[in-house]
Structures are given as C-alpha cells and as structure tokens.
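Peer 1: Dropping a structure here in structure tokens format, bear with me for questions.
Each value in this text was obtained by applying a stated rule to the coordinates, not by laboratory testing. Because the structure is predicted, anything quoted here is derived from the model rather than measured. Here the Cβ is made from the backbone with ideal geometry for all residues, glycine too, and neighbour counts use every protein chain on show.
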Amino acid sequence: MADDKSKRGAADRARVAAGEGYEVNYFARKHGITKQQAEDLIAKVGNDRENLNQAASKLKKAK
C-alpha cells in the first residue's frame, strides 16, 4: 500500500517507512550513509526514527 502523503503529522514523522524508497534515501543522505546501510539499520533496529538516528550516528562514528 502506498504511503498517503496527505496524512502527515507526529505519527508519520516518528517512523521511517522502509517500503518507501524516498524515505530510505532521505534518511541515508541525512546521516551520510549508503542506502543499503540505512536498509540494514531499519531491519536491525526497526522503523522508529529516534532509535534509527542514534544507530546511524553510532555507525557513522565507527567508520
């Protein structure tokens, strides 16, 4: 099912939709990681944006 872009708000901002390529690409660019790394993080950590931001930050520091 496609993401309903007309429904935006706190609930939508709190999650990263792994099935939506543009959201994964945005998350990857924001954190300076590859799309594959972003997808791997989502699979490992889940789609909660706060947890993903922390995990991406740790990943970037580990480089």
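Peer 1: How charged is the neighbourhood of VAL24? Take every other residue with its Cβ under 9 Å from the Cβ of VAL24, and add Lys/Arg as +1 and Asp/Glu as -1.
Peer 2: -2
Peer 1: Can you classify region 22-63 as rounded, prolate or oblate using the Cα gyration tensor, where a ≥ b ≥ c are the square roots of its eigenvalues, rounded means a/c under 1.5, and otherwise it's prolate if a/b beats b/c and oblate if not?
Peer 2: rounded
Peer 1: What list of ³J(HN,Hα) values in whole Hz, one per residue of region 18-23 in order, does the Karplus curve 6.51 cos²θ - 1.76 cosθ + 1.60 (θ = phi - 60°) give from phi, with Gly and Pro shown as x?
Peer 2: 4, x, 9, x, 5, 6
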